[in-house]
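Reading through the structure tokens given below for one structure.
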Amino acid sequence: MARLDIRCNVQVPVTLMPVRRWGDPPQQAITRDMGIYGAFLKAPLSLPVASLINLKAHLPYAPVETEGRVLRREETGLAVKFTRLDRRSKSLLWNYIKEKIPHWERCPFCGAENPPGVDYCGGCGLFINFHIDNYLEIHEREVISRQSRRLESALERFNDRMEEIESRLLGGKEEEQDLLKEVSSAIYEVCAVCRDLDEVVGEERESLKEKKLMLRERTERFFSKSYFMRHARSWPRGYPGDYKMLENIYRNIPLSDGIGYLLDLHFLNTALAVGVRERLATLRELLRRELEVKQKPAILDIACGPCREIFELAPEIAQSEARITCVDFDSEALDFAYNRISYTKVASQVQFRRYNALRMVNHEKNLKEFGLQDIIFSTGLFDYLTDDLLVKLIKALY
């Protein structure tokens, strides 16, 4: 497949900061080459492949800021793909790059030779009249169209592979783990194409909605056979990550049969599901240490969900004589948690209250509603909050 980006050998200073690694100082690099979709950064950087970074490219007339994803590492630096450049930034970048484009005899995308004055490459078919005013608009349409066709092909291959795996599974002659690897490989191939399409769409989000609908429709045949895939897609409680989903991720047991069983296993092995279980384990140990050194602490559990950590720490809670208030807006989650805790010896120490955590952005109101607390925690609420709302909530709580 022809490369869909024009790279020019330009040296542009770049400031970069790893995403989600607060406290790390900014690092400086310089581009070896750069296009509108990515760059190679020359610097002794230790960022792992697939990590996200915030970049500021210091162009001569205006800086361009964007997020990037590390594609590969070399001894001299990193190859980075830009993600979701806004219209202004993409225009600034293109206006700089096009000034550096020579009048190539060969297509910069595929290397084919073309006679002077042609608009489209005879080899790859891409538009190569770089110096007209609306080149960027034409090129973006071409890229989105090609990536959309890639997605359609990837979905056809996915369904063919899943059908074959399902047939082999029914034969009962192959190892479960071998088939699981093939299921994961088929899913990750589609995910990679989706990510590429998402990153080139930019501000044309309406066209992405259509592709998401197509993706859902064409994978429904197999994903509907998996409890976890079906639940994650349908949001039966009206929001993602409800108490039933969390509880079943904690239990880490597939709930479907046949190909659905393998899809459940895949889901439970994803980094997200593993992270949910590890987060619970970390929280449980943090709470255990606090309960060991505090006597009669007041504890507030925000967006409590299934209260798995409270249930598992019942002996420590009883010993410390803690008083716990569990808050959730989902009444069904509260009923589930109440019934669970009722089987422990700490039922009288735990109260449940239906309350919208998004209203907890006023410190005085929080004091009035819940009083002073010694420990405040939330297992997963912060996953769904914007940075601004998260800051407001933390300030109001603490």
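The values are calculated or read from the model by the stated rules, or taken from the named source; none is laboratory data. Since this is a predicted model, take the numbers as computed values, not measurements. Virtual Cβ from ideal backbone geometry, glycine too; neighbours counted across all protein chains shown.
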### Message
Step by step: first the residues of the range 65-122, then only those that are in a loop (DSSP other than H, G, I, E, B) and of a type in the set (Phe, Trp, Tyr), then the one that is surrounded by the fewest Cβ atoms within 10 Å (Cβ to Cβ). Which residue is that?
### Response
TRP104
### Summary
Filtering the range 350-398 down to residues that are among the β-branched types (Val, Ile, Thr), touching a Lys or Arg at 6+ places or on another chain (Cβ under 8 Å) and part of a helix (DSSP H, G or I) yields none
### Selection within the range 299-356 - at positive phi and more than 34 Å from the chain's Cα centre (by Cα)
GLU321
## Note on the structure
Residue hits (the range 292-329; hydrophobic (A, V, I, L, M, F, W, C), within 26 Å of LEU390 (Cβ to Cβ) and not in a loop (DSSP other than H, G, I, E, B)) are ALA298, ILE299, LEU300, ILE302, ILE310, ILE324, CYS326, VAL327
### Task
Mind counting the residues in the range 1-30 that are assigned to a strand (DSSP E or B), under 27 Å from the mean Cα position of the chain (by Cα) and either at pLDDT 90 or above or surrounded by fewer than 17 Cβ atoms within 10 Å (Cβ to Cβ) (or both)?
5
#### Entry: Matching residues in the range 245-257 - criterion: being on the phi < 0 side of the Ramachandran plot and either surrounded by fewer than 17 Cβ atoms within 10 Å (Cβ to Cβ) or small (Gly, Ala, Ser) (or both)
ARG251, ILE253, LEU255, SER256, ASP257
### Task
Please specify each residue of the range 124-133 satisfying the condition of being surrounded by 11 or more Cβ atoms within 10 Å (Cβ to Cβ) and more than 15 Å from ARG146 (Cα to Cα).
ILE128, ASN129, PHE130, ILE132
## Note on the structure
Counting only residues in the range 123-144 that are assigned to a helix (DSSP H, G or I) and among the hydrophobic types (A, V, I, L, M, F, W, C), the one nearest to the chain's Cα centre (by Cα) is identified as ILE144
### Task
Considering each residue of the range 258-279, count those that are surrounded by fewer than 18 Cβ atoms within 10 Å (Cβ to Cβ) and touching a residue at least 12 places away in the same chain (Cβ under 8 Å), and give that number.
4
### Query
In the list VAL350, VAL361, which residue meets the criterion of being among the β-branched types (Val, Ile, Thr), out of contact with any Gly (no Cβ under 8 Å at 6 or more places or on another chain) and under 20 Å from ARG289 (Cα atoms)?
VAL350
